[in-house]
Amino acid sequence: MDRISKDQVKHVAHLAKLDFSEEEIEHYGYQLDQMIHYAEKLNEIDTENVEATSHVLDVRNVLREDEARESLPREKALKNAPDQKDGQFKVPSVLE
Amino acid sequence: MKLFDHQLKDIHELLHKKEVSPTDLVEESYKRIAEVDDKVGAFLRLDEENARNKAKSLEEKLANGNASASEILFGMPVGIKDNIVTKGLLTTCASQILANFDPQHNATVMEKLNGLNTITIGKLNMDEFAMGSSNENSSYKNVKNPWDLSRVPGGSSGGSAATVAAGEVPFSLGSDTGGSIRQPAAFCGVVGMKPTYGRVSRFGLVAFASSLDQIGPITRTVEDNAYVLQKIAGKDVLDSTSANIDVADYVSQLSGDVKGLKIGVPKEYLGEGVSEEVRETVKEALKVLESLGAEWDEVSLPHSKYAVPTYYLLSSSEASANLARFDGIRYGVRQEEPSLGETYKQTRTKGFGDEVKRRIMLGTFALSSGFYDAYYKKAQKVRTLIKQDFEDLFLKYDVIIGPTAPTTAFKIGENVDDPLTMYANDILTIPVNLAGVPAISVPCGLVNGLPVGLQIIGKHFDESTVYKVAHAYEQATEHHKLKPNL
């Protein structure tokens, strides 16, 4: 791994909320390194005066009337929740 | 001739002549699935009870002369890729993290199909979260290519293409982010359309890369495909990226006339990396179009060689953001831990497969502080150049034509250990998604018994011309009539 250190891989995994063993850090680190190397092919092109494309069509500020619509009833919104209490999503302790 | 060898409009006619009933259509599907799907693996789950009940209710409508029965898709069985949410029918994206996800609403395309009284047969296998080109990334089972069960069907809509090729359903829906409809359609010898970005509502399509994803139909013939697309396309208030542009009557424009049509054939699409046999097959197809009065020139898409790294940076970045929602709180399979932070981590680590984690890692890296400009923003700029290549060619040419994939279907296991080789398989389809233009894959012959796909690319929102060219070619050849021996 030339382009990315083990600590950087661990940092990225933490940002992505993934938990890797030392062995997996090696595995994903190696592949990430290869992909970054591959992506650096783009540096061959001068993009100094090129605008970035975030949307392929010339669409901006799509507006609609601010009208109230029926929404998913609470029991349905909670239907897939792994845990719930008093009509709300229940989560494990936030403060560690 | 089997029932599903007919075009949609002919099946429709049989319904109206009372030669078959909606129940017959549903039973034909399930009978064929029982015969071959153990081998093919196209379906993740079936919806037999609801499908049979719906067929019965449609029989009453048909007998009463209900106006809705005049619709061609009335009573038509359909298979749906498992990343399109279906109310009351589990939708897993072929991932363990959504193994129990029971949608409480329908995707807009499902509302449209249900409104036309199609019958959903079940949900189709795919690469997990649509990330893959071989269907080997499904966390449930592989899909096998109906033409050769030792080979991949392509991906990520491998189930959607294989089920149509295997004669299990007359049509299916897939999704295409970097080639996920066209490449499996090519590998399985069927017709697959990636519409213009914004042509079909993405509401209810589980997001992979939101600036690239599109839903589209997979069918046996071009006419069937055109018919399905014109029924599912259109503006949707629930998807602000859907285009407010009228949907044409594509079918009425299938005239077979391509006289004077100007075709650009990018030299990059017939060059290095594309197998000799695929090249020859595509050149034969160009001769057919020539004989119909079309003209073609060799042209260039000079930035297409940068499309694959551009795509992997952008699609993985978008995926890392989109897949942040899978944290085990509102839906999905939770790994319960004492703290919230550990719950997130264990839920995601156990719930996502290897390829999904690889892309989340790449995307998170490309968006992270200190690397954003060098990777993500750089790729967005190169995207502009790739898009401009197409815009320049479309000033002079009506369509751009080349192969859909550089090879025919490869062996299962052949590329799994090498992500970069696997990614290179999408080299001819990815530029189309980056430019947002529409493209279709139609069968153009066999090489060593395996199908080759011809890719026809059009201008933004000019699906009409794409379909017209595809249809003229199809009708001048017999390739679409070939079927695998299963």
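Exactly one of (1) within 10 Å of chain B (Cβ to nearest Cβ); (2) over 19 Å from the mean Cα position of the chain (by Cα) is unmet by residue A:12. Its number?
Failed condition: (2).
Inspect all residues belonging to region A:2-23 and state whether any of them is modelled with pLDDT under 95, in contact with a Leu (Cβ under 8 Å, 6 or more places away or on another chain) and surrounded by 10 or more Cβ atoms within 10 Å (Cβ to Cβ).
yes
Do we find a residue being touching a Lys or Arg at 6+ places or on another chain (Cβ under 9 Å) and either buried (at least 17 other Cβ atoms within 10 Å of the Cβ) or more than 14 Å from chain A (Cβ to nearest Cβ) (or both) anywhere in region B:272-291?
No, region B:272-291 has no match at all.
Identify, please: which residue in region B:228-241 is among the charged types (D, E, K, R) and closer than 28 Å to residue B:7 by Cα and is, among those, nearest to the other protein chains (Cβ to nearest Cβ)? Don't jump to the end; show me each part of the working.
If we filter region B:228-241 for residues that are among the charged types (D, E, K, R), which is where we start, we get B:231, B:235-236, B:239.
Cutting the leftovers down to closer than 28 Å to residue B:7 by Cα gives us B:231, B:235.
Values: B:231: 22, B:235: 10 Å.
My answer is B:235.
Quick grid of which residues meet (1) touching a residue at least 24 places away in the same chain (Cβ under 8 Å); (2) under 16 Å from residue B:291 (Cβ atoms); (3) in contact with a Leu (Cβ under 7 Å, 6 or more places away or on another chain):
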{"residue": "B:427", "(1), (2), (3)": "yes, no, no"}
{"residue": "B:430", "(1), (2), (3)": "yes, no, no"}
{"residue": "B:437", "(1), (2), (3)": "yes, no, no"}
{"residue": "B:440", "(1), (2), (3)": "yes, no, no"}
{"residue": "B:468", "(1), (2), (3)": "yes, no, yes"}
{"residue": "B:476", "(1), (2), (3)": "yes, yes, yes"}
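So if I check each of B:159, B:154, which one is at positive phi and more than 14 Å from chain A (Cβ to nearest Cβ)?
On the way: B:159 fails: at positive phi.
That would be B:154, the only listed residue that is at positive phi and more than 14 Å from chain A (Cβ to nearest Cβ).
Anything in region B:192-226 that is of a type outside the set (D, E, K, R), in contact with a Gly (Cβ under 9 Å, 6 or more places away or on another chain) and closer than 19 Å to residue B:164 by Cβ? List them, or say none.
B:192, B:193, B:195, B:200, B:214, B:215, B:216, B:217, B:218, B:219, B:225
Residue by residue through region B:149-183, note down the ones that are surrounded by fewer than 24 Cβ atoms within 10 Å (Cβ to Cβ) and not in a strand (DSSP E or B). Break it down into steps so the answer makes sense when it comes.
First, the residues of region B:149-183 that are surrounded by fewer than 24 Cβ atoms within 10 Å (Cβ to Cβ): B:149-151, B:167.
Of everything in region B:149-183, those that are surrounded by fewer than 24 Cβ atoms within 10 Å (Cβ to Cβ) and not in a strand (DSSP E or B) turn out to be B:149, B:150, B:167.
Would you be able to say whether some residue in region B:383-404 is more than 8 Å from chain A (Cβ to nearest Cβ), part of a helix (DSSP H, G or I) and at pLDDT below 95? It would help to see each step written out before you state the result.
Applying the first criterion (more than 8 Å from chain A (Cβ to nearest Cβ)) to region B:383-404 yields B:386, B:388-404.
Of the ones still in play, those that are also part of a helix (DSSP H, G or I) are B:386, B:388-393.
Those still in the list that are at pLDDT below 95 too: none.
Within region B:383-404 (the criterion being more than 8 Å from chain A (Cβ to nearest Cβ), part of a helix (DSSP H, G or I) and at pLDDT below 95), the answer is no, since none of the residues qualifies.
Conditions tested, residue by residue: (1) over 26 Å from residue B:146 (Cβ atoms); (2) within 14 Å of chain A (Cβ to nearest Cβ).
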| position | (1), (2) |
| --- | --- |
| B:437 | yes, yes |
| B:440 | no, no |
| B:443 | no, no |
| B:460 | yes, yes |
| B:468 | yes, no |
| B:472 | yes, no |
| B:476 | no, no |
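Go through the residues of region A:63-82 one by one and say whether even a single one is surrounded by 12 or more Cβ atoms within 10 Å (Cβ to Cβ), in contact with a strand residue (DSSP E or B) (Cβ under 8 Å, 6 or more places away or on another chain) and aliphatic (A, V, I, L, M).
Yes, that holds for at least one residue.
Out of B:145, B:114, B:106, I need the residue that is in contact with a Lys or Arg (Cβ under 6 Å, 6 or more places away or on another chain), surrounded by fewer than 24 Cβ atoms within 10 Å (Cβ to Cβ) and at pLDDT 95 or above. Which one?
Exactly one of B:145, B:114, B:106 is in contact with a Lys or Arg (Cβ under 6 Å, 6 or more places away or on another chain), surrounded by fewer than 24 Cβ atoms within 10 Å (Cβ to Cβ) and at pLDDT 95 or above, namely B:106.
Looking at (1) more than 9 Å from chain A (Cβ to nearest Cβ); (2) of a type in the set (Ser, Thr, Tyr); (3) in a helix (DSSP H, G or I), which is the one condition that is false for residue B:375?
Tallying (1) more than 9 Å from chain A (Cβ to nearest Cβ); (2) of a type in the set (Ser, Thr, Tyr); (3) in a helix (DSSP H, G or I), residue B:375 fails exactly one: (1).
Of all residues in region B:339-369, which are more than 7 Å from chain A (Cβ to nearest Cβ) and more than 26 Å from residue B:102 (Cα to Cα)?
B:363, B:366, B:367, B:369
Does any residue of region B:184-195 turn out to be in a loop (DSSP other than H, G, I, E, B), under 19 Å from residue B:157 (Cα atoms) and within 14 Å of chain A (Cβ to nearest Cβ)?
Yes; the residues of region B:184-195 include at least one that is in a loop (DSSP other than H, G, I, E, B), under 19 Å from residue B:157 (Cα atoms) and within 14 Å of chain A (Cβ to nearest Cβ).
What number of residues within region B:316-338 satisfy the criterion of being charged (D, E, K, R), at the interface with another protein chain (Cβ under 7 Å from one of its Cβ atoms) and not in a loop (DSSP other than H, G, I, E, B)?
Counting residues in region B:316-338 that are charged (D, E, K, R), at the interface with another protein chain (Cβ under 7 Å from one of its Cβ atoms) and not in a loop (DSSP other than H, G, I, E, B) gives 0.
Please give the number of the condition residue B:164 fails out of (1) more than 16 Å from the chain's Cα centre (by Cα); (2) farther than 26 Å from residue B:351 by Cβ.
So the condition that residue B:164 fails would be (1).
Yes or no, residue by residue, for (1) surrounded by fewer than 20 Cβ atoms within 10 Å (Cβ to Cβ); (2) in contact (Cβ under 8 Å) with a residue 12 or more places away in the chain:
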position	(1), (2)
B:324	yes, no
B:339	yes, no
B:342	yes, no
B:375	no, yes
B:383	no, yes
B:387	yes, yes
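For region A:24-62: of the residues being of a type in the set (D, E, K, R) and either farther than 24 Å from residue B:377 by Cβ or surrounded by 14 or more Cβ atoms within 10 Å (Cβ to Cβ) (or both), which is farthest from the other protein chains (Cβ to nearest Cβ)?
So, considering only residues that are of a type in the set (D, E, K, R) and either farther than 24 Å from residue B:377 by Cβ or surrounded by 14 or more Cβ atoms within 10 Å (Cβ to Cβ) (or both), the one farthest from the other protein chains (Cβ to nearest Cβ) is A:26.
When the residues of region B:242-252 are filtered to those that are touching a residue at least 12 places away in the same chain (Cβ under 8 Å) and more than 19 Å from the chain's Cα centre (by Cα), which remaining residue is farthest from the other protein chains (Cβ to nearest Cβ)?
Taking the candidates together, the pick is B:251.
The values are calculated or read from the model by the stated rules, or taken from the named source; none is laboratory data. From a predicted model like this one, the values you see are computed outputs, not experimental measurements. All Cβ positions, even for glycine, are placed from backbone atoms using ideal geometry, and neighbour counts span all protein chains on display.
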